[in-house]
2 protein chains.
Amino acid sequence: MATGRSTQHNPNPAGGTRRSRGRGIPDATVARLPLYLRALTALSERSVPTVSSEELAAAAGVNSAKLRKDFSYLGSYGTRGVGYDVEYLVYQISRELGLTQDWPVVIVGIGNLGHALANYGGFASRGFRVAALLDADPAITGNVVAGLPVRHTDEMEEIVRDERVSIGVITTPPGAAQQVCDRLVAAGVTSILNFAPTVLNVPDGVDVRKVDLSIELQILAFHEQRKAGDDLADEDGEVPSAPAAAVVSGRGPEQGHGYEEAAG
Amino acid sequence: MATGRSTQHNPNPAGGTRRSRGRGIPDATVARLPLYLRALTALSERSVPTVSSEELAAAAGVNSAKLRKDFSYLGSYGTRGVGYDVEYLVYQISRELGLTQDWPVVIVGIGNLGHALANYGGFASRGFRVAALLDADPAITGNVVAGLPVRHTDEMEEIVRDERVSIGVITTPPGAAQQVCDRLVAAGVTSILNFAPTVLNVPDGVDVRKVDLSIELQILAFHEQRKAGDDLADEDGEVPSAPAAAVVSGRGPEQGHGYEEAAG
DNA sequence: TAGATTGTTAATCGATTAACAATC
DNA sequence: TAGATTGTTAATCGATTAACAATC
């Protein structure tokens, strides 16, 4: 949501309905489990033994009805009149998310962003292990980043195979992303986190999630514009639906304020 | 969001129903407009004059029914039997997203990630202008990053005011994020893009979107685990709902494979 | 006119929410 | 028992999708 940020293909790789297998968990719920887990981990570090749905929801930034509904998909892990046992819930959510096992990941493209991710602390603490850093540029390979040597992308297939890597992170320039993706998938990777601003095409059974700074900013700009518009009279004053022919020659005011009033 | 990335508070700051004002556009549609815009820009660069909903949808990674429905919220910008004029649609979507005006942003926290964002090309090309880079560390202030001097956070309020900054990007450590957020908001910022793994509390009227690497990876791990489980018999073999009392003492196997079979 | 493709309708599906019975 | 809080139900809402009439 990206979401926001969102799976490009195969949000539900098992196919069929959204909750096909056994106690299937809705996508929206899965996306919130990490939020709950983070809040619970903070409580755990403060040695808080139990927490109510109301308190935990506040800490996670959701409402309590949603939280209880989400937890109901996992099972009945609370105690009526008491709340949830923090440690127990940390474990159950971790298990559900697959974080009780070790996930080797490779990061491909060690520019500024790859560098930042390699140094990101949240990796190791949550069951993810950086198996290798890869780059195609000989000027970069051999450098040590975050304690790891940057290896050449020539070694990609070997590393993915030997280290049983199933998750790849792509931080290359957009032009290289699809090719890197293809090679990762061919080598056995089945989940891709894509930071390159490109749509990746992948075969069935491969999950792609993307993180796109530019998209997030554009969504903010949209709402920001709305706010600014609300300050004026009423922005929806029937902008004439200009006939296409009249605009084909130029694309209209680029950075200017042709049709609309300034929003600042 | 995203999630996916997702607005924490006020996904619809105008309040009321999801589509309150005039020709209000659903959140899901707004989140896809940047995708269409990117695909259209690529077509524009190749001097493609028109495109059908089918072609454009394929390029953007969505289905064509959804695309046409999305565009219908913007107006009737297509021509039956022909398709959409690329340049005209680029302009209309840009205008709808507020990209025909200039958005000054500040980036607070110039570590690895802030550094990466400052160098990110997608910024400038889409109406966003980095008005300032800020950091609290005197060892970092004064450095030139992406052609801009890193200024001290002491100057935050002055810069936000003078440059009319309404969008702030937070790339600080999690412990500093809320305080930075509070100061940005107090200074006049009304949209925040948060890369720190913290829930930010903001007053009504302020939008927060967050980008969280760790959450994206955890969602991938969940699906990855499912895939692995599908290879075995049937993973849903009634894991006994362990009584809370039995687990309170320890949190169960941490990185181990206590309850579950290995998924690799 | 015939072919192509949009814009819209209506059905379906998933997500959210409030309310409350169950029960600790 | 009385108070507190979960887990679930049912209503509502938003998003997706296929189909097709409108129309270029």
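The values are calculated or read from the model by the stated rules, or taken from the named source; none is laboratory data. Just so you know, these numbers come straight off a predicted model, no measurement behind them. We place every Cβ from the backbone using ideal geometry, glycine too, and count neighbours over all the protein chains shown.
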Residue tally, condition surrounded by 14 or more Cβ atoms within 10 Å (Cβ to Cβ), assigned to a helix (DSSP H, G or I) and either within 12 Å of another protein chain (Cβ to nearest Cβ) or near DNA strand C (Cβ under 6 Å from one of its atoms) (or both), over region B:55-68: 6
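To keep it simple, each residue is scored yes or no on (1) small (Gly, Ala, Ser); (2) surrounded by fewer than 22 Cβ atoms within 10 Å (Cβ to Cβ); (3) closer than 20 Å to A:ALA221 by Cβ; (4) over 16 Å from the mean Cα position of the chain (by Cα).
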{"residue": "B:VAL86", "(1), (2), (3), (4)": "no, no, no, yes"}
{"residue": "B:TYR91", "(1), (2), (3), (4)": "no, no, yes, yes"}
{"residue": "B:GLU96", "(1), (2), (3), (4)": "no, yes, yes, yes"}
{"residue": "B:HIS115", "(1), (2), (3), (4)": "no, no, no, yes"}
{"residue": "B:ASN119", "(1), (2), (3), (4)": "no, yes, no, yes"}
{"residue": "B:GLY122", "(1), (2), (3), (4)": "yes, yes, yes, no"}
{"residue": "B:ARG129", "(1), (2), (3), (4)": "no, yes, yes, yes"}
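Return the residues of region B:207-229 that are part of a helix (DSSP H, G or I) and under 26 Å from B:ILE170 (Cβ atoms); say none if nothing qualifies. It would help to see each step written out before you state the result.
Step one: filter region B:207-229 for residues part of a helix (DSSP H, G or I), giving B:213-229.
Residues satisfying the conditions are B:LEU213, B:SER214, B:ILE215, B:GLU216, B:LEU217, B:GLN218, B:ILE219, B:LEU220, B:ALA221.
Can you tell me how many residues within region B:157-170 are within 27 Å of A:PHE123 (Cα to Cα) and facing another protein chain (nearest Cβ under 9 Å)?
Just the residues of region B:157-170 that are within 27 Å of A:PHE123 (Cα to Cα), to begin with: B:168-170.
Remaining after also requiring facing another protein chain (nearest Cβ under 9 Å): B:169.
Number of matching residues: 1.
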Output for region A:100-127, where each listed residue is at pLDDT 95 or above and in contact with a helix residue (DSSP H, G or I) (Cβ under 6 Å, 6 or more places away or on another chain): A:TRP103, A:ILE107, A:VAL108
Any hit, region A:186-198, residues being facing chain B (nearest Cβ under 10 Å), modelled with pLDDT of 95 or more, surrounded by 21 or more Cβ atoms within 10 Å (Cβ to Cβ) and in contact with a His (Cβ under 8 Å, 6 or more places away or on another chain): yes
Count - residues of region A:69-85 that are within 18 Å of A:ASP27 (Cα to Cα), more than 11 Å from DNA strand C (Cβ to nearest atom) and not hydrophobic (A, V, I, L, M, F, W, C): 1
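So that you can scan it fast, the table gives a plain yes or no per residue for (1) touching a strand residue (DSSP E or B) at 6+ places or on another chain (Cβ under 6 Å); (2) more than 9 Å from chain A (Cβ to nearest Cβ):
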position	(1), (2)
B:TYR73	no, yes
B:TYR84	yes, no
B:VAL90	no, no
B:THR100	no, no
B:VAL106	yes, yes
